[in-house]
Amino acid sequence: MVRGKTQMKRIENATSRQVTFSKRRSGLLKKAFELSVLCDAEVALIVFSTKGRLYEFSSSSINKTIERYQRNSKDIGISKKTVQEDMQHLKEEAVSMAKKIELIEDSNRKLLGDGLESCSVDNLQQIEDQLNRGLSKIRARKHQLYREKIEQLKEEGRILEEENGKLREKCELQSPNLSIMQQEVPQKQILEVETELFIGPPETRTTVEFMQS
């Protein structure tokens, strides 16, 4: 005979309800024991019947297991509360940062000359003063860079002058030696060679020589 699916609702008959409770309680305690043995888990099970009778199972000490559960529950509650507070704080910071970014972007647009229609005379004066202060800082920085570059060029020029002076002294020390070497070298004899050069076609030269002979 095939058993039908049990409906999950309260059993109205008291006798049937008690029988079902006894069977399922025994099965539940058995499953708790198997779980603790097979998986090396700390298991605690507490069951109260409708008449208030206590049934319990614990793989170690049920009091220690309950204390451990209470500590973990408290820590979890604190952790959840801390996470929620942190999330709220981050949201507030994000909103504040977005407002600051919007103000900075609006200020930059006005410094570039955009969005000035809504500005009053005082606002325009503040923007002008801010631009003047920024321009003064830019010019001061530019002049400082120019001065540093000039000092660098002067230092490079001084180093070049020192190197030129050393080379000049070295050349002056070597000049007497060169004069002595030039005096020791004998003068070359210049030989003069007399040659006859005839310009003209070979036939003409032959005719002239024949007539002379």
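The values are calculated or read from the model by the stated rules, or taken from the named source; none is laboratory data. Predicted model only: the values in this text are computed from it and were never measured. FYI the Cβ positions are ideal-geometry reconstructions off the backbone, even for glycines, and counts take in every protein chain you see.
Some notes on this structure:
- Of all the numbered requirements in (1) within 30 Å of residue 41 (Cα to Cα); (2) free of Cβ contacts under 8 Å to residues at least 12 places away in the same chain, residue 68 misses one, and that requirement is (2).
- Residue 82 being under 40 Å from the mean Cα position of the chain (by Cα), surrounded by 10 or more Cβ atoms within 10 Å (Cβ to Cβ) and modelled with pLDDT under 90: yes
- Residue match in the stretch 119-132 (condition: surrounded by 11 or more Cβ atoms within 10 Å (Cβ to Cβ) and either β-branched (Val, Ile, Thr) or closer than 30 Å to residue 27 by Cβ (or both)): yes
- Put simply, of 28, 38 the only residue that is loosely packed, with under 11 Cβ neighbours inside 10 Å and over 30 Å from residue 134 (Cα atoms) is 38.
- Scanning the stretch 54-69 for residues that are surrounded by 12 or more Cβ atoms within 10 Å (Cβ to Cβ) and in a helix (DSSP H, G or I) returns 62, 64, 65, 66, 68, 69.
- Residue check: residue 64 meets all listed conditions (1) modelled with pLDDT under 85; (2) touching a strand residue (DSSP E or B) at 6+ places or on another chain (Cβ under 9 Å) but one, namely (1).
- The set of residues in the stretch 36-61 being closer than 23 Å to residue 6 by Cβ and either in contact (Cβ under 8 Å) with a residue 24 or more places away in the chain or touching a Ser or Thr at 6+ places or on another chain (Cβ under 9 Å) (or both) consists of 45, 49, 50, 55.
- Within the stretch 1-53, the set of residues being among the hydroxyl-bearing types (Ser, Thr, Tyr) and not in a loop (DSSP other than H, G, I, E, B) comprises 15, 16, 20, 22, 26, 36.
- Some residue of the stretch 82-94 being under 30 Å from residue 11 (Cβ atoms) and hydrophobic (A, V, I, L, M, F, W, C): no
- If the condition is being β-branched (Val, Ile, Thr), over 55 Å from the mean Cα position of the chain (by Cα) and surrounded by 10 or more Cβ atoms within 10 Å (Cβ to Cβ), then the stretch 41-53 contributes 46, 47.
- In the stretch 96-109 there is no residue that is closer than 30 Å to residue 131 by Cα, at pLDDT below 85 and either touching a helix residue (DSSP H, G or I) at 6+ places or on another chain (Cβ under 8 Å) or assigned to a strand (DSSP E or B) (or both).
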